[in-house]
Amino acid sequence: MTIPRTLTGLTLAAAIISLAPTAAQAASGTTATGAAAVRPWGPYYASGNSAKALGSLTATGEDHADIPAARTVNISGKVYDQTRATASCGWAVFRITYRDASNNLPFKHHSVRTCAYRTAKPFSFSYGNVYQVELKVCSEGKAAKPSLNCLYAGTWKLLYLSK
């Protein structure tokens, strides 16, 4: 009886040890080939659930210099306007912080808007040398760009931070 139990214990221990590197890679978000894993995000909502955004983010080629940054970040998803008002739109506003040639960390905004009630607007875009990606979901009137209230009131949701 003790030999089968011992063999079962050794088999179980060997299986756990063989899975350990895979678990560490999954926790760090990388695979054995060095490619980045797809990280889903959302759904995130505007106040009163009047707009919604969800999607995924993939960061590749992380550089761990003095200021770490990903070589490329691909962001894709959908934004929804969930208000029946025809004068209202749903916004997904991204704040992309990147490392420039002087090792500074400026940021730029990338906005996606839809004014079609409960109809998804798909989007996809990429940026290089990305340090951090944040998101804010707003519901506002039709405009060419998000308002200052959307950009500066409330908190940003962190989607990615290079470490």
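Sorting ILE96, ILE75, ILE67 from the fewest to the most surrounding beta carbons within 10 angstrom yields ILE67, ILE96, ILE75. The packing ranking, built from the mean of other Cβ atoms within 10 Å per residue, places the peptides 131-141, 151-161 in the order 131-141, 151-161, highest first. Look at where the Cα atoms of region 115-131 and of region 42-71 average out, and the two centres are 11 Å apart.
A short reminder: the numbers here are calculations on the coordinates, not readings from a lab. Since the model is a prediction, treat every value here as computed from it, not as a measurement. In this analysis, Cβ positions are derived from the backbone assuming ideal geometry, glycine residues included, and neighbour counts consider all displayed protein chains.
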